[in-house]
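Undergrad: Encoded as structure tokens, here's the structure I'll be asking about.
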Amino acid sequence: MVNTLALDIETSNYSHEIGGWGNTYLFEPTVVATWDGDNGTVYCNKMDIISKDLPQYVTIKKLHPRTLGKDLDAHVMGGGQIVGHNIKKFDLPILRDSLDCWAAGEIMHKSKTLIIDTSSLLRSIIGHPVPLSDVVHHTLGRDKLMNSHDAPFEWRKGQYGKVAKYCLDDAKLSYDLWRHGQTEGLVKARSRDTGAVTEYEVNW
């Protein structure tokens, strides 16, 4: 099986503060987390502070474009793929444009099979965006640790460990959603049109 790495990021600011989602270079990344099903890595410049809030099996590294880039490049060059929810429009462009992480840009220009964006794929099937919180709740029976909109607010309050833990958990949720869809061939989400929770066939 292809080695798959889930990726998630958090920022300290909101899209409405920087003129919209298109201004990816103005976002301020605070935490990046990856998860391969067994091992997690959290990249953050508050390393000493967040360590007490994360499991001992998690590797903590400085959030630097060279460090993150080398790890992502090694994963891809080793035949691995990247999975995430909305990583094509949010996570990877921000890492490329704001963090100046060259590897994120390289990944975005490689084969389509290299990036599995569960958000993009579900939207093409269902016809509207599906939040990660909705699809993991109905498919996996699990919930996010906090609302995505709360993460920048919590970071500004100095809750660095809480945000790091949340970021890692979202990477795990993205991984498990992808794995469930791969093994079972379906996921569940609420239809915006009918309001009903519906099963959708997926092939990723």
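Bear in mind that the values in this text are calculations on the coordinates, not laboratory data. Please read all numbers here as calculations on a predicted model, not as lab measurements. Please note: Cβ atoms are built from the backbone with ideal geometry, for glycine as well, and neighbour counts cover all protein chains shown.
Undergrad: How large is the charge dipole for region 87-131, taken about the Cα centre, if only the Cβ atoms of Lys, Arg (+1) and Asp, Glu (-1) carry charge, to the nearest 20 debye?
TA: Here the size comes out at about 220 debye.
Undergrad: Further question on the same structure: GNM, the chain, Cα, under 10 Å: largest mean-square fluctuation among LEU145, LEU72, LEU173?
TA: Maximum among the listed residues: LEU145.
Undergrad: Report relative contact order for region 1-84 in percent, whole number only (criteria: Cα-Cα under 8 Å, sequence separation at least 6).
TA: Rounded, it is 34 percent for region 1-84.
Undergrad: Over the chain, what is the relative contact order in whole percent, taking alpha-carbon pairs under 8 Å and six or more residues apart?
TA: Rounded, it is 25 percent for the chain.
Undergrad: Can I ask one more? Using alpha carbons only, how many angstrom separate the centre of region 10-42 from the centre of region 130-202?
TA: What the calculation gives is 16 Å, centre to centre.
Undergrad: Rounded to the nearest 500, what is the 222 nm mean residue ellipticity of the chain from helices alone, with -39500 (n - 2.57) per DSSP H run of 4+ residues and division by all residues?
TA: Rounded to the nearest 500, the figure is -11500 deg cm²/dmol.
Undergrad: Dipole of region 1-114 (Lys/Arg Cβ +1, Asp/Glu Cβ -1, origin at the Cα centre): which of HIS16, GLY78, ALA104 lies farthest to the positive side?
TA: Final value for the positive-end residue is GLY78.
Undergrad: Quote the charge dipole size of region 108-201 about the Cα centre in Debye, to the nearest 20; the model charges only the Cβ of Lys and Arg (+1) and of Asp and Glu (-1).
TA: 320
Undergrad: Answer with one residue from ILE94, GLY181, PRO152: the one whose Cα lies farthest towards the positive end of the charge dipole of region 82-204, charges on Cβ with Lys, Arg +1 and Asp, Glu -1.
TA: Farthest along the dipole direction, towards plus: PRO152.
Undergrad: State, to one decimal in nm, how far the label point of THR198 lies from the label point of TRP21, with both points 7 Å from Cα in the Cβ direction.
TA: In this crude spin-label approximation the distance works out to 2.1 nm.
Undergrad: Also: Taking the Cα centre of the chain as origin, sum charge times position over the Cβ atoms of Lys and Arg (+1) and Asp and Glu (-1), and report the length of that vector in debye to the nearest 20. Walk me through the intermediate numbers first.
TA: Details: 23 positive and 26 negative charges, 35 e Å.
Magnitude of the dipole: close to 160 debye.
Undergrad: Give, as a single signed number, the net charge of other residues whose beta carbon lies under 14 Å from the beta carbon of ASP71, with Lys and Arg counted +1 and Asp and Glu -1.
TA: That works out to +1.
Undergrad: Here is a further query. Test of understanding: in a Gaussian network model of the chain with alpha carbons linked when under 10 Å, which of TYR57, TYR175, TYR25 would top the mean-square fluctuation ranking?
TA: TYR57
Undergrad: Arrange the peptides 157-167, 35-45, 9-19, 193-203 so that the one whose residues have, on average, the most other Cβ atoms within 10 Å appears first. Walk me through the numbers before you get to the answer.
TA: Numbers: 157-167: 20.4, 35-45: 18.3, 9-19: 16.1, 193-203: 11.8.
Top to bottom by mean Cβ count within 10 Å: 157-167, 35-45, 9-19, 193-203.
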